[in-house]
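Written below as structure tokens is the structure these notes are about.
The values are calculated or read from the model by the stated rules, or taken from the named source; none is laboratory data. Fair warning: this is a prediction, and the values are worked out from it, not measured in the lab. Ideal geometry is used to build each Cβ from the backbone, glycine not excepted, and the neighbour counts take in all protein chains shown.
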Amino acid sequence: MKIKDLLEAPIASFQTIGDFEKPGSMPAADRKLLSSPKAVKKIHDIFSKTPYDFNLFFINYPGEKGNLKTTQSKLGIKYGEVNLSKLQQINPELYHEIAKVKGNSISLIYIWNFDQKDLKNQHPLTAWIIAHRFAHALQFDKEQDTETRKIQDEVSNKFNEILKKAYNKTATFGWSDSFDNRNIDLLMSVLTMKSARDKRLNSTFEFFPETFAQYLLTGRVKFNPLPQEGFIGGEQQYQVLNSEIQKLSVEINQAYESMLKKCVGKVYTF
Ligand SMILES: [Zn+2]
């Protein structure tokens with residue numbers, strides 16, 4: 001057996017629940033995608049490269065279109081970590097399905113995939129979006145969010161210290177209301193995932209889910225060298241700040257690893 005095989009963990013369980021032919025809580029594009037063997041294989045292949053076991057559940061709840069709150073309460077789940085004893089009371093069938101496979105895996109439930117601000121703006125549930133929404137689940141977990149917030153705020157502060165010294169600018173991407181979209185271009189020029197390369201990151205709030213998805217699916221968060229344009233210091237200062245931003249990416253990787261370890265054996269939804 002090769003070392004690579006030891007590190008790879010296939011998706012332990014991949015289930016669609018509900019009729020994916022009929023309209024429901026899942027958008028049509030996602031119902032189609034999750035019914036396509038080719039697309040499903042791609043999700044399996046990408047998640048198999050992570051060292052964690054995942055159980056993925058996709059539920060198309062009938063009769064609910066875009067109304068997340070109602071769907072969640074009918075299914076007995078809400079954002080963040082799923083309270084299994086509550087779920088057992090409200091929705092014993094779903095509880096049973098999850099309890100069967102939970103084990104030492106990370107279980108994720110998806111029932112909905114609309115942009116909350118813009119119902120027409122959808123990102124199909126590809127492996128990347130599955131990972132991205134997992135990060136949102138951690139972000140919106142009301143009981144266990146302290147550490148996520150702490151990590152996010154620390155990263156945001158350090159990132160901004162560097163941007164301040166380098167460009168006399170900041171790009172706030174802290175918690176909920178504390179982010180703004182000023183200097184999002186600067187942020188996108190440092191980040192290396194597709195959304196940043198294509199200049200399609202629509203909010204600095206997405207820094208956390210996008211870097212988390214990058215860490216989970218590619219093994220590390222990677223930053224570009226600081227852009228030369230607009231840099232306010234000399235060459236030496238550039239070298240110093242550049243190594244600081246690279247060091248920050250290493251710290252982010254470590255923080256995400258410790259977050260992921262704590263997710264093992266738990267169930268999340270977003
Ligand atoms: Zn997002």
Notebook entry, point to check: What about LEU248, is it within 16 Å of the ligand (Cβ to nearest atom) and either of a type in the set (Ser, Thr, Tyr) or at pLDDT 95 or above (or both)?
Noted result: no
Check: Among (1) in contact (Cβ under 8 Å) with a residue 24 or more places away in the chain; (2) outside any helix (DSSP H, G or I), where does GLN228 come up short?
Finding: (1)
Next item on the list: Could you please find all residues in region 162-180 being at pLDDT 85 or above and under 16 Å from THR204 (Cβ atoms)?
Entry: ILE162, LEU163, LYS164, TYR167, LYS169
Margin query: Name the residue that is farthest from the chain's Cα centre (by Cα), counting only residues in region 60-75 that are crowded, with 18+ Cβ neighbours inside 10 Å and of a type outside the set (A, V, I, L, M, F, W, C).
Written below: GLU64
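Conditions (1) in a strand (DSSP E or B); (2) surrounded by 11 or more Cβ atoms within 10 Å (Cβ to Cβ); (3) at pLDDT below 95, marked per residue:
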site: LEU6; (1), (2), (3): no, no, yes
site: ILE11; (1), (2), (3): no, yes, yes
site: GLN15; (1), (2), (3): yes, yes, yes
site: ASP30; (1), (2), (3): no, yes, yes
site: ALA39; (1), (2), (3): no, yes, no
site: LYS42; (1), (2), (3): no, yes, no
Checklist line | VAL250 being within 21 Å of GLU147 (Cα to Cα) and touching a Ser or Thr at 6+ places or on another chain (Cβ under 7 Å) | finding: no
Item checked: Cβ pairs under 8 Å, 6+ apart, first in region 150-179 and more than 12 Å from PHE208 (Cα to Cα), second modelled with pLDDT under 85 and surrounded by fewer than 16 Cβ atoms within 10 Å (Cβ to Cβ) -> LYS169/ARG182; THR170/ARG182; ALA171/ARG182
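Looking at LEU217, LEU226, which one is out of contact with any Asp or Glu (no Cβ under 7 Å at 6 or more places or on another chain) and either under 28 Å from SER48 (Cα atoms) or acidic (Asp, Glu) (or both)?
Answer to the check: LEU217.
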Notebook entry, point to check: Taking the stated definitions as given, is PHE205 modelled with pLDDT under 95 and either away from the ligand (no atom under 14 Å from the Cβ) or within 30 Å of ILE129 (Cβ to Cβ) (or both)?
Noted result: yes
Item checked: Criterion (under 24 Å from the mean Cα position of the chain (by Cα), of a type in the set (S, T, N, Q) and outside the structural domain of PHE140 (by TED's automatic domain parsing)) met by exactly one of ASN168, ASN202, ASN242 -> ASN202
Note to self: Here's a check for you: in region 82-114, which residue that is part of a strand (DSSP E or B) and not β-branched (Val, Ile, Thr) is farthest from HIS136 (Cα to Cα)?
What the structure shows: SER107
Notebook entry, point to check: Between residues in region 102-125 that are at pLDDT below 80 and within 16 Å of the ligand (Cβ to nearest atom) and residues that are outside any loop (DSSP other than H, G, I, E, B) and among the hydrophobic types (A, V, I, L, M, F, W, C), which pairs lie under 7 Å by C-beta distance while being six or more apart or on different chains?
Noted result: GLN122/ALA29
